[in-house]
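The values are calculated or read from the model by the stated rules, or taken from the named source; none is laboratory data. This is a predicted model, so every value here is computed, not measured. Virtual Cβ from ideal backbone geometry, glycine too; neighbours counted across all protein chains shown. Side chains included, ligands, DNA and RNA excluded: accessible areas come from the protein's heavy atoms. Shrake-Rupley method; radii C 1.70, N 1.55, O 1.52, S 1.80 Å.
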Amino acid sequence: MRLIKSNDFYTIKVRGYVTPLHLEVLDILYQPILGFAGTSLYRYLYTMRDFRKGDPLSFTLIHEHFGFTFDQISIALSKLEGLGLLRSFYVEHHEFSEYVLELYAPKDPAAFSHDPIFMNLLNDILGPRHTQDLLTLFSLDRETLDKEEVTASFAEIYADRIFDINGNELYNGQQLENVVGNIKIEFDRALFLNILTRERKILPSALSADELKKAEQIATLYNLTEAATAERVGDFYDAYKALGSRVDFDAMHKHLQELVKYPVLSKPLRRPVQQLAGESQKIKRINLMETMTPVEFLLYLNEGTKIAPADHNILNTLMHDYNLLAPVINALVFYTLYHNNNELIRALIEKNASLLARNKVTTALDALDTLERPTAKRGRPKQKEPLLNEGRKEEQPTKDTNDLNDPIWDELKKIK
């Protein structure tokens, strides 16, 4: 961008569809990167696009409106250009110079969260935890599960068959959908490697593909941020060992298992989670599953007893092979222990994991509903006192109306 002078002019063209959602993203996600001047200038240019019917305008108007110097205007325009929000074209007239400014829409929140460059910039400024908190402002409502769908199909309403101009069939029964993008909050490998290189001076080439996969696996299992994962990998890294064996993941597992016993120390390392609002006992117990990592939750159910290697392998399988999120794993573990004499039976838990994966379940509440549904069809089993609460003083919570005759909810209320 050339240096803007007081006798320069500009015209505005809007080259992208800018909606209120895009302007919210600009204010919340772009502003930390752009700064106040860049964000304000974009909004000003967009709002004033039809001012004086498109005639060239003097940059003095911006200078007087905001009190920005011409250097500040130049820098703000350059920042907008760098993030793809603006393209500038120079036209030299006989008496003045003109810049044609083309405005483009900011990314939608889903596209922003999937862009490693934008995410690295925002993480570097605000930190991973603050960044994820901002992204959750744009989270979509959860998909409706376990309800009878009565949506009409395209063929039922519009036509049994449609053809193009040459008579070729265009519709063969596929479901027509709008593209709905959700924000990305899972582990960001690019961000992890960036932090690992910057903070611990460990290059990406120093780790094998298998080691990177194990690092992601541990991050998901313990619900760690990318920064916390990089810090732990650096602590257990030995540069003098052969490629593929430089990170002692066994020692790292033991360290994290000990760390989760101390919430004050482990909480800053975790990703933020969205909890259900409310004070009922059912909501409190569901939030317990939503906020604890699978290792923490199983340790809790074990009343602090060390997790057996076989059970730890099951948690790894649920996360790595079935791609289940931590709240879903917690619900599945509880359900399996409750219905199988406090035993984690691998074959049974993997069968139910496959069911949850097929239904794309992402929350503890939906997981329990999905797992209980087949049982309800066959008739509920006779309720018994589960082993995991033996010797534990029972609470006497106030019963919610929708908790009646539901053994899972009754049992959840007994968990302290």
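Some notes on this structure:
- Per-bin percent of Cα-Cα distances, segment 331-377 [5 Å]: 5, 22, 35, 26, 11, 1
- Surface analysis of segment 7-72 yields an accessible area of 54 Å² per residue, using protein heavy atoms and a 1.4 Å probe.
- Taking 0.36 nm per residue of sequence separation and removing the Cα-Cα distance, the residue 354/residue 139 pair yields an extension gain of 74.8 nm.
- What the Cβ-Cβ distance of residue 251 and residue 217 gives, at R0 = 22 Å and to the nearest 0.05, is a FRET efficiency of 0.90.
- Model label sites at residue 320 and residue 340, defined 7 Å from Cα along the beta-carbon direction, differ in position by 2.0 nm.
- Translational diffusion of segment 1-157, µm² s⁻¹ [Kirkwood Rh, Cα pairs; Stokes-Einstein; 25 °C; 0.890 mPa s]: 138
- Principal axis dimensions, largest first and in whole angstrom, of segment 1-81 by Cα: 35, 27, 21
- Hydrodynamic radius by Kirkwood, which averages 1/r over all alpha carbon pairs of segment 89-130, in angstrom: 13.3
- Ordered from longest to shortest, the equivalent ellipsoid semi-axes for segment 51-131 are 32, 15, 11 Å, each the square root of 5 times a Cα gyration tensor eigenvalue.
- Filtered trypsin sites (Lys or Arg not before Pro), segment 204-235: DSSP coil and at most 12 other beta carbons within 10 Å: none
- Cross-link table 213/360; 107/213; 214/254; 201/241; 241/306, entries beyond 18 Å C-alpha to C-alpha: 213/360; 107/213; 241/306
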